[in-house]
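Notes for the one structure printed next.
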Amino acid sequence: MRSLPDPIGADVRRELQRFGPAGNLGEIVAAWPAAVGPAIAANAWPGRVARDGTLHVATGSSAWAFELTQLSDDVLARLREHLGEACPPAVRFAVGPLPERGAEGEDVRDRTVPKPTAEQAEASERIAGAIEDQALREAVAKAVAASLAAAQAPPDDRSV
């Protein structure tokens, strides 16, 4: 019998609080590929927003970090076109982890997750049930359901 994951409400809440008022990383990540183009997006990805609002971007190599540092004003201008006032005031590039790519160069950010079964959805609601904030509880339940669906999909059907 498989055991269910431990509740993660407190951990998620603690991690989200680290971002403070500059926590618009989701908007930045959504705009990143269109703002910088596919070549840069494949080799550099937003990692976090510091308390002062600086966007820290992970790169695949020190060469990418150096080149993008030289182009940081251009990168910020492109982001500003897509984000408006939500654009960070500064950007820093450093070597760091990038999102995984699929076996044939497929970007895993474009993959879809199998639809959770009723049992998986019910389990995810139980796991996230202790989270007080409704929006956070729903987001965590959705993520858990997707994770359970992906983990239990047959190998040929697994899309994540």
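The values are calculated or read from the model by the stated rules, or taken from the named source; none is laboratory data. Just so it is clear, the model here is predicted, and its values are computed rather than measured. Neighbour counts run over all protein chains shown; Cβ positions are idealised from the backbone, glycine included. Heavy atoms of the whole protein, side chains included, go into the accessibility calculation; ligands, DNA and RNA do not. Shrake-Rupley method; radii C 1.70, N 1.55, O 1.52, S 1.80 Å.
General remarks:
- In the stretch 66-95, of all residues being in a helix (DSSP H, G or I) and among the hydrophobic types (A, V, I, L, M, F, W, C), the one that is farthest from Ile28 (Cα to Cα) corresponds to Phe66.
- Candidates in the stretch 35-65 are the residues that are free of Cβ contacts under 8 Å to residues at least 12 places away in the same chain and part of a helix (DSSP H, G or I); of these, the one that is farthest from Ala94 (Cα to Cα) is Pro38.
- Among the residues of the stretch 42-52, not a single one is polar (S, T, N, Q), modelled with pLDDT under 90 and within 30 Å of Ala150 (Cα to Cα).
- Among the candidates Arg48, Arg78, the residue that is in contact with a Leu (Cβ under 7 Å, 6 or more places away or on another chain) and open to solvent by 40 Å² or more (accessible area, probe 1.4 Å) is uniquely Arg48.
- Boolean, Glu67 is out of contact with any Ser or Thr (no Cβ under 7 Å at 6 or more places or on another chain), exposed (fewer than 15 other Cβ atoms within 10 Å of the Cβ) and not small (Gly, Ala, Ser): no
- Just one of (1) open to solvent by 90 Å² or more (accessible area, probe 1.4 Å); (2) at pLDDT below 70; (3) under 30 Å from Ser61 (Cβ atoms) fails for Pro38. It is (2).
- Counting only residues that are of a type outside the set (A, V, I, L, M, F, W, C), assigned to a helix (DSSP H, G or I) and within 16 Å of the chain's Cα centre (by Cα), the stretch 112-150 holds 2 of them.
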